[in-house]
Amino acid sequence: NFLFCCLKCCIWGAEKVLRFTNRNSYILVAVKGTSYCTSVVRAWKLVVKNAMRVAVVSIVANVLIWLGKLAIAIACGISALALSNMPPYTDPSSDHYLSSQVMPVVLSVIVGYIISAIFYQAYEIAIDTMLISFCEDCERSGGKAQFAPALLAKALRQAS
């Protein structure tokens with residue numbers, strides 16, 4: 001049983017590493033047009049050399065994206081609550097009467113969170129693409145980004 005638990009933990013860790021590698025590798029394939037295997041090696045080198053930048057940007061991005069998802073879910077819940085307080089839903093003689101507002105509000109929050117998570121995936125890919133491109137630019141230019149916008153270069157220089 002202990003061996004099975006250790007094996008499960010190792011497989012879980014390997015899956016996380018492969019997902020992270022896979023995402024960055026596909027970004028390099030798209031940006032540079034190199035083969036997948038070459039991009040895997042290049043992505044690993046970039047992430048290892050810029051580990052601090054990658055960690056800081058990932059943490060900040062994850063927190064901000066989570067706050068965005070939470071804000072959208074809460075806004076959906078508030079909207080559902082406001083709509084369920086309208087006269088057709090509060091009048092007991094109406095065909096559309098709601099005896100409880102809990103279910104529509106909870107359902108709206110859940111659906112809002114799921115949809116925001118789907119949309120925020122595009123932002124996550126964009127953040128990772130900019131970060132990998134910035135790291136590649138620094139690598140090619142001898143440590144200082146040549147093509148990055150000044151504000152991005154300044155922010156990421158402070159992160160390292």
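For the chain, the relative contact order works out to 24 percent when only alpha carbon pairs closer than 8 Å and six or more residues apart are counted.
Per the 1.4 Å probe, what fraction of the accessible area of the chain, in percent, lies on carbon and sulfur atoms? Heavy-atom surface of the chain belonging to carbon and sulfur, 1.4 Å probe: 71 percent.
The mean accessible area for residues of the chain, using a 1.4 Å probe and ignoring ligands and nucleic acids, is 69 Å² per residue. Counted by Cβ distance under 15 Å from Ile125, the other residues give a net charge of 0, where Lys and Arg count +1 and Asp and Glu count -1. Label separation (Ala55 vs Ala82): 4.3 nm, computed from points 7 Å beyond Cα along the C-beta direction. Compared with the direct C-alpha span, the chain from Val48 to Val111 gains 18.9 nm at full extension, assuming 0.36 nm per residue. Basic side chains Lys and Arg get +1 at the Cβ, acidic Asp and Glu get -1 at the Cβ, and with that the dipole of the chain about its Cα centre reaches some 980 debye. Scanning the chain for long hydrophobic helices, with DSSP H runs required to stretch 24 angstrom or more by C-alpha along their axis and to average at least 0.5 on the Kyte-Doolittle scale, returns 2-32, 51-84, 102-140.
For the chain, adding -39500 (n - 2.57) for each run of n ≥ 4 DSSP H residues and dividing by the number of residues yields -29000 deg cm²/dmol at 222 nm. From the alpha carbon centroid of the range 115-137 to that of the range 42-79 is 9 Å.
Note on the range 16-132: dipole from Cβ charges, positive end direction compared against Phe20, Ser116, Ala75; the farthest Cα belongs to Phe20.
With 0.36 nm allotted per residue and the present C-alpha distance subtracted, the Ala150-Ser93 stretch has 14.2 nm of extension available.
The values are calculated or read from the model by the stated rules, or taken from the named source; none is laboratory data. These numbers come from a predicted model, not from an experiment. Positions of Cβ are generated from backbone atoms using ideal geometry, with glycine treated the same way; all protein chains shown enter the neighbour counts. Surface areas here come from the heavy atoms of the whole protein model, side chains and all, with no ligands, DNA or RNA. Shrake-Rupley method; radii C 1.70, N 1.55, O 1.52, S 1.80 Å.
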